[in-house]
1. Just give me the residues in the stretch 167-179 being part of a helix (DSSP H, G or I) and more than 13 Å from the chain's Cα centre (by Cα), in sequence order.
2. Please go through the stretch 233-252 and give me each residue that is in a helix (DSSP H, G or I) and either in contact with a Ser or Thr (Cβ under 6 Å, 6 or more places away or on another chain) or crowded, with 17+ Cβ neighbours inside 10 Å (or both), ordered by number.
3. From L3, L86, L81, which residue is surrounded by 18 or more Cβ atoms within 10 Å (Cβ to Cβ) and hydrophobic (A, V, I, L, M, F, W, C)?
4. Just give me the residues in the stretch 133-155 being hydrophobic (A, V, I, L, M, F, W, C) and surrounded by 14 or more Cβ atoms within 10 Å (Cβ to Cβ), in sequence order.
5. Just the residues that are surrounded by fewer than 22 Cβ atoms within 10 Å (Cβ to Cβ), out of contact with any Lys or Arg (no Cβ under 7 Å at 6 or more places or on another chain) and in a helix (DSSP H, G or I), please, taken from the stretch 180-208.
6. List every residue pair whose Cβ atoms lie under 7 Å apart, where the two residues are 6 or more positions apart in sequence or sit on different chains, the first residue falls within the stretch 258-269 and is over 19 Å from L7 (Cβ atoms), and the second residue, located anywhere, is among the acidic types (D, E) and in a helix (DSSP H, G or I).
7. Need a quick list: helices (runs of 4 or more DSSP H) entirely within the stretch 44-159 having at least 3 residues that are free of Cβ contacts under 8 Å to residues at least 60 places away in the same chain.
8. Can you name the residue in the stretch 97-132 that is within 19 Å of the chain's Cα centre (by Cα) and of a type in the set (V, I, T) and is also surrounded by the fewest Cβ atoms within 10 Å (Cβ to Cβ) among such residues?
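Every number in this text was worked out from the coordinates using simple rules, so none of it is lab data. These numbers were taken from a predicted model, which means no experiment stands behind them. Neighbour counts run over all protein chains shown; Cβ positions are idealised from the backbone, glycine included.
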Amino acid sequence: MNLKGYLSAKKKIVDSKLDKYMPKETEYPQIIHEAVRYSVFSGGKRLRPILMLAAGEIFLQEERILLPAACAIELIHNYSLVHDDLPAMDNDEYRRGRLTSHKKFGEDIAILAGDALLTIAFEILSEEVKDSKLALRVINLISKAIGTFGMIGGQVVDISWDKDKAELPELEFVCTHKTGALIAVSLRIGAVLSGATKREEEALYEYGKLIGIAFQVKDDILDEKLDREKGFNYPAFLGIEESKKRAEDLINKALVKLDGFGKRADILRQIAKFIIKRKE
């Protein structure tokens, strides 16, 4: 299967499972359930859960074992987007071509929708990961990835940078924490739930960290015109061409991390290359 077909097939599988986990819009109180479903089913790529599934495939792990954690990761990602769009954060009006949650439902419901998505994610993990020791480890890894030393920490730096004093290390901190941490932990959890060795787990985690940064660099390149006034992006510091070189270098380093897996990691290799070739 080519990469486009693979991504499409896996997205359908993840979406189907997400639909089963999410409360129906008709359940009382309807507005919050409408809001969480609006955010989740708004056309995302499902990159993080797909990366987790692809990591598990290296070890021939059954998809059903990985899907609950994969869905939880996607819900956490969407919670972060809902909160990121709020007036107190980035104050965005549109995401994925649709009104953002707070524009559609109001700021109060949007905040609660984000909270609900995060809560549902941990509910899934605690109920669906049957091995209690594995469940605790997965919950611990995710908690660290999204806390103040992970995604939240990256968001703090992102909203508090000083345009007159900001330097490249600050931007790199945002990329590795706000964007990269959740991508990297998706790979790690795929390995953990598949019985990988510590060395294999670390290799996939390092691959995840590298493609996570490359993903953000590419986003910055694609959004360069939109973000030019903000100035806190890779093109602002490095220029477009140097930013492209930075993304390619990161992907090449990520590919090296997969050397020990042979052909079993071919999908992950294709995904890495896709990250810097994508047009949106």
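1. L168, P169, E170, L171, E172, F173, V174
2. Correct list: Y234, P235, A236, F237, L238, S243, K244, R246, A247, L250, I251.
3. L81
4. Once the filter is applied, which keeps residues that are hydrophobic (A, V, I, L, M, F, W, C) and surrounded by 14 or more Cβ atoms within 10 Å (Cβ to Cβ), the stretch 133-155 yields L134, A135, V138, I139, L141, I142, A145, I146, M151, I152.
5. Correct list: K198, R199, E200, E202.
6. Taking only residues 6 or more apart or on different chains, not a single pair turns up.
7. Helices (runs of 4 or more DSSP H) meeting the threshold: 63-84, 107-128, 132-146.
8. Applying the filter and picking the extreme gives T119.
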